[in-house]
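J.: One structure, as structure tokens, below. Some questions next.
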Amino acid sequence: MRNKVTKVEIEFIDTYLINADILYEDVRVEIVDHVASEIEYRMSQGDSRGFYEIFKEYMVEHKAVLVKENSRSFNWRIFKNVTQQFLKNLYSWQVIVGSIVCFWVFENIYSFFHVESAMGSFFPTFLMVTVMFIPLMVFRKKKFSFIGNFGILVTVFFSLNYYIIPHIKEPSLLYYIYLGLMAIFFAGSLKTMISLVVFYKKRFQVV
């Protein structure tokens, strides 16, 4: 008696969720894994029916909850995972080296344009927006909920720059602390976004 869901059956679950208007790819991946695990659990407990019978029964019982959670707990789970990954990446050698390089680049750019100029407010935000477009360029029409969450972070990032920059004098301790934090945040965001793109690219190849 098998207790594993096949690749074809996973594709069937994915297609079913698309037809149920669960269009965010990352949210759907979470739900597909959740549903597949529940079906495998029932199989391991001795349910001898076929996949489609178990799936149909499970969705009759849980579809309303899954669709509702589509905009709640699964979205929150993804946001939490992305945040944890971002914080973990801050200790990676790529982010440490990238932060040093970014600090040097930012310092040279601000030395040329001056931090209090309009460029000072929009430059870091422009960089964050380019990071946000990475999955859009890779996956084209596919939708991801974490992009929207990242957009919120970009808005907060811009607001902080807009209100803090006018009070910064260059060179000063606050000026170098600001450059350092901006460099770390940008390098960490870039590393996290690339990691997410690689993860979902591999995940879709498996499915």
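J.: If you take the beta carbon distance between F199 and F12 as r and set R0 to 25 Å, what does 1/(1 + (r/R0)^6) give as a FRET efficiency, to the nearest 0.05?
T.: Working from the Cβ atoms, E equals 0.65.
J.: Another question about this same structure. With axes computed from alpha carbons, what is the tilt in degrees of helix 173-206 against the longest principal axis of the chain, rounded to the nearest 10 within 0 to 90?
T.: Long axis of 173-206 versus the principal axis of the chain: about 20 degrees.
J.: Using 0.36 nm per residue of separation minus the Cα-Cα distance, give me the extension gain between Y175 and H34 in nm, one decimal.
T.: Length gained, Y175 through H34: 46.0 nm.
J.: Counting only protein heavy atoms and using a 1.4 Å probe, what share of the accessible area of the range 78-199 belongs to carbon plus sulfur, as a whole percent?
T.: Solvent-exposed carbon and sulfur of the range 78-199 make up 76 percent of the total.
J.: Below 8 Å between Cα atoms, with a sequence gap of 6+, how large is the relative contact order for the chain in percent?
T.: 29 percent
J.: Continuing with the same structure: Specify the longest stretch of the chain that does not include any exposed loop site, a site being one of the chymotrypsin sites (Phe, Trp or Tyr not before Pro) with a non-H, G, I, E, B DSSP assignment and at most 16 other Cβ atoms within 10 Å.
T.: Here the longest segment lacking exposed loop sites spans 1-90.
J.: For I164 and K63, calculate 0.36 nm times their separation in residues minus their Cα-Cα distance, and state this gained length in nm to one decimal.
T.: Difference between extended and current length: 31.7 nm.
J.: Compute the angle between helix 73-89 and the longest alpha-carbon principal axis of the chain, please, reported from 0 to 90 degrees and rounded to the nearest 10.
T.: For helix 73-89, the angle is close to 50 degrees.
J.: Any idea what angle helix 118-132 forms with the longest principal axis of the chain, computed on alpha-carbon atoms, 0 to 90 degrees, nearest 10?
T.: 20 degrees
J.: Out of residues 5 or more away from K143 or on other chains, whose amide H comes under 5 Å of its own, with H placed 1.01 Å from N in the peptide plane?
T.: Here the answer is E25, since their amide H atoms fall under 5 Å of that of K143.
J.: What number comes out for accessible area per residue over the range 131-191 if the probe is 1.4 Å? Units Å², please.
T.: Heavy-atom SASA per residue in the range 131-191 reads 58 Å².
J.: Please list 3J(HN,Hα) in residue order for the range 33-50, calculated via the Karplus relation 6.51 cos²θ - 1.76 cosθ + 1.60 where θ = phi - 60°; whole Hz, with x for glycine and proline.
T.: Each residue of the range 33-50 in turn: 4, 5, 5, 4, 5, 5, 5, 5, 5, 5, 4, 5, 8, x, 5, 8, 5, x Hz.
J.: Calculate for the chain the 222 nm mean residue ellipticity that helices alone would give, adding -39,500 (n - 2.57) per DSSP H run of length 4 or more and normalising by residue count, nearest 500 deg cm²/dmol.
T.: Rounded to the nearest 500, the figure is -27000 deg cm²/dmol.
J.: Right, another one. The list [x] 15; [y] 48; [z] 38 gives values of percent of Cα pairs over 30 Å apart, and only one came from this structure; which label was calculated from it?
T.: So the calculated entry is the one marked [z].
The values are calculated or read from the model by the stated rules, or taken from the named source; none is laboratory data. Because the structure is a prediction, the values reported are computed rather than measured. Reconstructed Cβ throughout: ideal geometry from the backbone, glycine too, with neighbour counts over all protein chains shown. These area figures cover heavy atoms from the full protein model, side chains too; ligands, DNA and RNA do not enter into them. Shrake-Rupley method; radii C 1.70, N 1.55, O 1.52, S 1.80 Å.
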